[in-house]
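One structure is given below, encoded as structure tokens.
The values are calculated or read from the model by the stated rules, or taken from the named source; none is laboratory data. As the structure is a prediction and not an experimental result, all values here were calculated from the model. Using ideal geometry, Cβ is built from the backbone for each residue, glycine included, and neighbour counts are taken over all protein chains shown. Please note that ligands, DNA and RNA were not included when accessible areas were found on the heavy atoms of the full protein model with its side chains. Shrake-Rupley method; radii C 1.70, N 1.55, O 1.52, S 1.80 Å.
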Amino acid sequence: MVLNGPMSQESVIEHLCPLCGSDTFAPYRGRPAGRCAGCGAHERARLLGLVIKRALPEPTGAPVIHFAPEQAITNLLQARYGLAYQAADFTPESYAWLSVRKIDLSDPHAYLEPESVQGLVHSHVLEHVPADLTRVIQCMNAAIQPGGFHLFCVPFFTRFYREDLNELPLQVREEMYGQFDHVRSFGTEDFEHRVLSLFKDFERADIPVSADDLSQAAVPLQAVRKLTSHSAFLFRKRTAAAPTAS
Ligand SMILES: [Zn+2]
């Protein structure tokens, strides 16, 4: 239950952040527990935290690349994958607290060798990448080794996918795509066709959380029942089938 104190900005609530252990949350954009007061994590980061703890495979030593790193997720992935963890961003200089590798996802092939990484993690990144989305996702997936994983979140602003890679006034972008620097919006009606169908060599994994887990982490139940901007998608790349004896 969320207890909103009318006198205070922050509310003391019966929740626990799975990333930092804080039990104090603050409102964010009209959502009473939208932001963890301890680490700043929003709902999607808190859900990712549960998924990382419970569903990601053991380290193989190959890189696990985290795009647009959020500090609390970085801490968790570093604890799990050690030196194999790599942070990456289009503008690495904007991170004072972390060593970040430059990767431009509009051309993943230039940065990621095929089958060279164990996993990719990103949250609300793909709506920023000014390139053909199908090619971007296919190139990212090609970089993952068999047995590896791709864990991500995207925002949904519309029922149907739309994008515009041309110059547009910032205000138009905000109205069309939810934020001034977004080039696309994912649609709840055609996400399967536009995005999930690109994971041909993968199996979609369950998000292993119960209603109680979500409630404790102050993540809406809709995050696992519907397509929402808090939802997490986890895919595991199939390993090659053993050759049949002849
Ligand atoms: Zn937290």
Of the conditions (1) closer than 24 Å to residue 36 by Cα; (2) small (Gly, Ala, Ser); (3) open to solvent by less than 20 Å² (accessible area, probe 1.4 Å); (4) free of Cβ contacts under 8 Å to residues at least 60 places away in the same chain, the single one that residue 79 does not satisfy is (3)
Picking from 52, 65, the residue that is in a strand (DSSP E or B) and either in contact with a strand residue (DSSP E or B) (Cβ under 9 Å, 6 or more places away or on another chain) or more than 12 Å from the ligand (Cβ to nearest atom) (or both) would be 65
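Here is a check on your reading of the model: is residue 115 on the phi > 0 side of the Ramachandran plot, in a loop (DSSP other than H, G, I, E, B) and charged (D, E, K, R)?
Details: on the phi > 0 side of the Ramachandran plot: yes; in a loop (DSSP other than H, G, I, E, B): yes; charged (D, E, K, R): yes.
Yes.
Pull up the range 14-49, narrow it to residues that are among the basic types (Lys, Arg) and not in a strand (DSSP E or B), then point me to the one that is nearest to the ligand (Cβ to nearest atom). Walk me through how you get there before you give the answer.
Restricting attention to the range 14-49, the residues satisfying the condition of being among the basic types (Lys, Arg) are 29, 31, 35, 44, 46.
After this cut, where a residue has to be not in a strand (DSSP E or B) as well, the list is 29, 44, 46.
Details: 29: 17, 44: 13, 46: 7 Å.
It comes out as 46.
Could you list, in sequence order, all residues of the range 83-112 that are in a loop (DSSP other than H, G, I, E, B), of a type outside the set (A, V, I, L, M, F, W, C) and surrounded by fewer than 15 Cβ atoms within 10 Å (Cβ to Cβ)?
Quick first cut of the range 83-112, residues in a loop (DSSP other than H, G, I, E, B) only: 90-91, 95-99, 103-107, 111-112.
If we keep only those that are of a type outside the set (A, V, I, L, M, F, W, C) too, we end up with 91, 95, 99, 104, 106-107, 111.
Answer for the range 83-112, where residues must be in a loop (DSSP other than H, G, I, E, B), of a type outside the set (A, V, I, L, M, F, W, C) and surrounded by fewer than 15 Cβ atoms within 10 Å (Cβ to Cβ): 91, 99, 107.
Which fully enclosed strands (runs of 3 or more DSSP E) of the range 127-224 have 1 or more residues being open to solvent by less than 90 Å² (accessible area, probe 1.4 Å) and farther than 30 Å from residue 63 by Cα? If you could, list the steps in order and put the result at the bottom.
On the way: elements: 144-153, 156-158, 184-187, 202-204.
Fully inside the range 127-224 and qualifying: 156-158, 184-187.
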Considering residues that are touching a strand residue (DSSP E or B) at 6+ places or on another chain (Cβ under 8 Å) and under 16 Å from residue 97 (Cα atoms), the number found within the range 73-85 is 5
Only one of 35, 46 is open to solvent by 70 Å² or more (accessible area, probe 1.4 Å) and within 20 Å of residue 219 (Cα to Cα), namely 35
